[in-house]
Amino acid sequence: MKNEVIKNFETIFKTKPSAVFFAPGRVNLIGEHIDYNGGYVFPCALSLGTYAAASKRKDDKIRFYSQNFPKIGIIEVNLNDIKFQKEHDWTNYPKGVIDVFKKEGYKFDKGFDVLFGGDIPNGAGLSSSASIEVCTGVLLNDFYDLKVDNIRIAKLGQRAENEFIRMNCGIMDQFASAMGEKDRAILLNCNTLEYKLVPLDLGGASIVIVNTNKRRELAGSKYNERRAECETALNMLNKRLKLKDLCSMTPEEFEKNKGLITDKTAQKRAKHAVYENARTIKAVELLKRGDLAGFGKLMNESHVSLRDDYEVSCKELDTVFDLALAQKGTIGARMTGAGFGGCAVCIVKNDGIENFKKNIAPEYEKRTGLKAEFYTAQAGRGAGKI
Ligand code: GLA
């Protein structure tokens, strides 16, 4: 992929790139929809990601091109006139990052040409957008010698998504993309941003990602709706209590106080957040002890909670979940990411992977009319110059 973006850069911009950058996508193993509730999440960076070949210009222009969207062609903007423009499509992601960096006072003397290329399946919920944001952040850091670390790049990427794209996401995706490490998953405390890299020792098993190929149409609006419902729950609890966020409660405290949440929907959302946080902490302990079966069981419980209490799953994800659990080699399965389509993440014994795919593919198509895709994932490095 690196050579490909270099070659394509030369064809499109008729000059050589001075550097190539990379930022990975991510898959979340457990801890879903709780990054914005102050909880723990457990994602890992993927070896799939976004590449950017770039070189600085002598004027104020920035020219963007993506080999994934050749029909859109080159989009050109001026460094001093960065604004959201719907017709500028995917370039709003890097533009948002540039805008946020400028608002933070970072100075860019000249513009640049950049060609992006990525191998993350698009819109599958594996954080292709976060990876473009983080990739832009590491590019800016290098080209303008800004001396920002990768955690700050993650935070500024999230801010671009919140303020420029107006998707109210949490910090998980950008953090995983910026801070991932090979063969490690990240246990991240989203309250403090303290994190631990945990070896992904899966013995004779692997992470298998199943793409439902169901487009995540409502993800944006429903996502913001879930955030609002969690806030309602927190406000109701805080008529009596003094909680910073939902995940600062243990399940026992929740059971004692849940009557304060008089809105039934908000109560279900809060229940998911509190229990999912407890599950995540426990799951990582089990993994460290080598209890993969225990880890898998908690993944399954996570899916059920996202399906029934948080209500962010969909028929296609539930179908993959049901089919995955019926396979002999499956240790655990759940939807991953925002939901409403996208991917499921499964842990499958290596000697069962072939049958897993062979059995699920036709049955999934029969039940949904869609074709599933399977990727055996490796936890990869975080973002940087390559
Ligand atoms: C999306 C968001 C993340 C996180 C997940 C759900 O991927 O970008 O911040 O909230 O959904 O866990």
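Some values worked out for this structure:
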quantity	calculated
Where N is the number of residues in region 1-74, Cα Rg divided by 2.2 N^0.38 Å	1.50
Cross-link reach list, lysines versus Lys349, counting only Cα pairs under 24 Å and skipping chain neighbours closer than eight places	Lys182, Lys282, Lys288, Lys297, Lys328, Lys357, Lys358, Lys371
Top positive-direction residue, dipole computed over the chain with Cβ charges, set Ile153, Ala324, Ala124	Ile153
Rg/Rg_ref, region 67-151, where Rg_ref = 2.2 N^0.38 Å and atoms are Cα	1.10
For the chain: accessible area per residue (Å², 1.4 Å)	43 Å²
Protein accessible area in region 121-211, 1.4 Å probe - carbon and sulfur %	43 percent
Amide H contacts under 5 Å for Gly118, placed H, 5+ residues apart	Tyr51, Asn68
Percent RCO, i.e. relative contact order, over region 19-135, from Cα pairs under 8 Å lying at least 6 residues apart	36 percent
Rule-of-thumb Rg ratio for region 289-353 [Cα; 2.2 N^0.38 Å; N residues]	1.07
Convex hull (Cα only) mean projected area of region 215-259, reported in nm² to one decimal	3.9 nm²
D_trans [Stokes-Einstein, Kirkwood Rh over alpha-carbon pairs] for region 251-386, 4 °C, 1.567 mPa s, µm² s⁻¹	79 µm²/s
Residues Ala228 and His88, FRET efficiency given R0 of 35 Å [Cβ-Cβ distance, rounded to 0.05]	0.80
Segment Lys239-Asn257, length gained on full extension (0.36 nm per residue, minus Cα span)	5.4 nm
Within the accessible area of region 322-372 (1.4 Å probe), percent carbon and sulfur	49 percent
Mean projection area, nm², convex hull over Cα of the chain	19.0 nm²
Cα point-scatterer Debye curve for region 180-304, base-10 log of I(q)/I(0) at q = 0.11, 0.17, 0.22 Å⁻¹	-0.50, -1.06, -1.29
Length released on extending from Lys71 to Lys16, taking residue separation times 0.36 nm less the Cα-Cα span	17.6 nm
Debye intensity ratio I(q)/I(0), log10, region 1-135, q values 0.16 Å⁻¹ (C-alpha model)	-0.86
Cβ-Cβ FRET estimate between Lys297 and Lys385, R0 fixed at 41 Å, reported to 0.05	0.50
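The values are calculated or read from the model by the stated rules, or taken from the named source; none is laboratory data. Predicted model, so just to flag it, every value in this text is computed and none were measured. Note that we place each Cβ from the backbone using ideal geometry, even for glycine, and neighbour counts take in every protein chain shown. For the accessible areas, the whole protein counts, side chains as well, though only heavy atoms, and no ligand, DNA or RNA atoms are used. Shrake-Rupley method; radii C 1.70, N 1.55, O 1.52, S 1.80 Å.
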